Amino acid sequence: MARALWHRVQALSFWVRICTAAPLLLAYWLTGARALIRADAERWMSISAEQQWKWLPHRRAKTVQLLYLLAYPRPFRNVFYYRTEHGGIAGRVTAKALRVLYRGEVALELHAASIGPGLYIAHGFATIVVWNAVIGANCWLHQNVTIGWGSGDGAPRIGDDVTIYTGAVVIGDIAVGDGVIVGANAVVARDVPAGVVARGVPATYHPRRPTS
C-alpha cells in the first residue's frame, strides 16, 4: 500500500511539473520544425526518460513525452530553442519570449548551421557548437564539448551517429565520418574516417571494437 501511495505522489508531482511547461507547446505548434522536435523527443525518451517514468500512465502519448522533456531535462530546452530558432518567425518569436521564464542549460550554446534529427545532449554544461558547424542525425554530445574553429573560420562537419565524450575538442574545417566515437578530452583537428574511435591529444584513430 505504501508503494502504491508513493507512486501516486510521484504521478501527482509529475503532472504538476509538466503542466507548468505547457505554454512552451505554443511555440511548438507555431514552428515549422515540429518533425525535428518530435525526432529529438523520441530519441531522448528512448535513452532515458522512458525508463525513469515507465510506471506512469499515458507515458507513450507524444504530447506527454514532449511536456516531460520540456519540464525536466534543461538541455532538451536548448535543443528545442535551437529548432524553433530555425523553424520560422512565429515559433522563433514565441520561444524567445517564453525563454525568459523557461531557461535552458547554462552555458550550452548551439549555433550550428544545421543539426540533423535525434540530437541527444547528456548534461551539456559548457558545451559549445559554433554557428557554421554541421551535425548529422542521431548524434550524442556530452558536457564541456567544443565544436568550433581552428586557425581560420572553418568549422567541423560531423556525420551521423557520432558520439563526442566529455571535454573533447573538435575544431577546424574538417569532416568527421559516420559512427565515430570521440573519446573524453580528445583534441581532433584533422579529418576522421567513418567508424573509428578518436582519442588522445592530438587525436589518433583506432578501429571500434565489436559490440557483440
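Laboratory data are not the source of any read-out in this text; all were calculated from the coordinates shown. Note that the structure is predicted; figures quoted are calculated from it, not measured. Using ideal geometry, Cβ is built from the backbone for each residue, glycine included, and neighbour counts are taken over all protein chains shown.
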√(5λ) per eigenvalue of the Cα gyration tensor, the chain, largest first, Å:
33, 21, 14
Using only the alpha carbon atoms of the range 2-99, find the Kirkwood hydrodynamic radius as the inverse mean reciprocal pair distance, in angstroms to one decimal.
13.9
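Please state the equivalent ellipsoid semi-axes for the range 109-207: what are the square roots of 5 times the Cα gyration tensor eigenvalues, largest first, in whole Å? If you can, show how the numbers build up before the last one.
Working: eigenvalues 54, 43, 36 Å².
Largest first, the range 109-207 gives 16, 15, 13 Å.
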Contour excess over end-to-end distance, with Cα ends at ALA175 and MET1 and 0.36 nm allotted per residue:
57.0 nm
GLU109-LEU25 pseudo-label distance in nm [points 7 Å out on the Cα-to-Cβ vector]
3.4
Cα centroid separation, the range 1-22 to the range 128-172 (Å)
38
Along Cα→Cβ, 7 Å out, is where each label goes; now give me the distance between the ones at SER48 and VAL100 in nm to one decimal.
2.9
Taking 22 Å as R0, compute the FRET efficiency from the Cβ-Cβ separation of ALA126 and THR63 and round it to 0.05.
0.10
Find the percent of Cα-Cα distances in the range 157-212 that exceed 16 Å, and round it to a whole number.
31
